[in-house]
Amino acid sequence: MKRSWVSTLLCAFGLVLASNGAIVGISQVAAPTEPVGLCDVWINPGRYKDKAIRLRAVLVENNNQSRIDGADPFLYDPACRQAGHATVVRWLNSSRENNSAREALAEIRKKHSDEFQVSRAIVIVVGSFNGFWKKRNGQLEWDSEFRIEDVEEAHPVETTLPWPVWVQKHKPSMTRNYLVLVQTRG
């Protein structure tokens, strides 16, 4: 069967487009994206909901292994600590212990925890955001969650870095309040 010059040209053009698309697709996936601040996610939740993103935030964890209830890990952003949002962490696929920054995070948990074994770390995490939910019966509870697939970076937090206002306003001792407050959250 003989091809016309038009069909040959269209076929060649299609191959060029397909190969360019594949190259562009690979480079877009491989190219690192700038991390988004948690404030941006809270301001524009629809833009980020259920999408894979790199997030910059402060990770708060209770590392007291004898504690059975409460004290879920959560994220906050000091740039918008006045916001009343509370984002709980859900670790996916053993990402709490098996992540890119596991050594740095383990050192922070061990050496930078306070007397209640609560640690804070500035992190870059990869995962997805889900929220916001309504409060139940006026009770304090998590209003969103971030599902962490990987922790790319973790750095210790200066003790002078402020806590979210919702933690500070309940009791004078911010850390003690965190441990008590999270027990009241859903």
Heads up, the helices (runs of 4 or more DSSP H) in region 1-77 (entirely inside) with at least 3 residues that are among the aliphatic types (A, V, I, L, M) and at pLDDT 60 or above are 38-43
Original post:
Quick check: anything in region 174-185 within 26 Å of residue 49 (Cβ to Cβ) and modelled with pLDDT of 85 or more?
Top reply: no
Cβ pairs under 6 Å, 6+ apart or interchain, first in region 43-55 and of a type in the set (Phe, Trp, Tyr), second not in a helix (DSSP H, G or I), ordered by first then second residue, are 48/129
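The values are calculated or read from the model by the stated rules, or taken from the named source; none is laboratory data. Keep in mind the model is a prediction, meaning the values are calculated, not measured. As a convention, Cβ positions derive from the backbone with ideal geometry for all residues, glycine included, and neighbour counts pool all protein chains shown.
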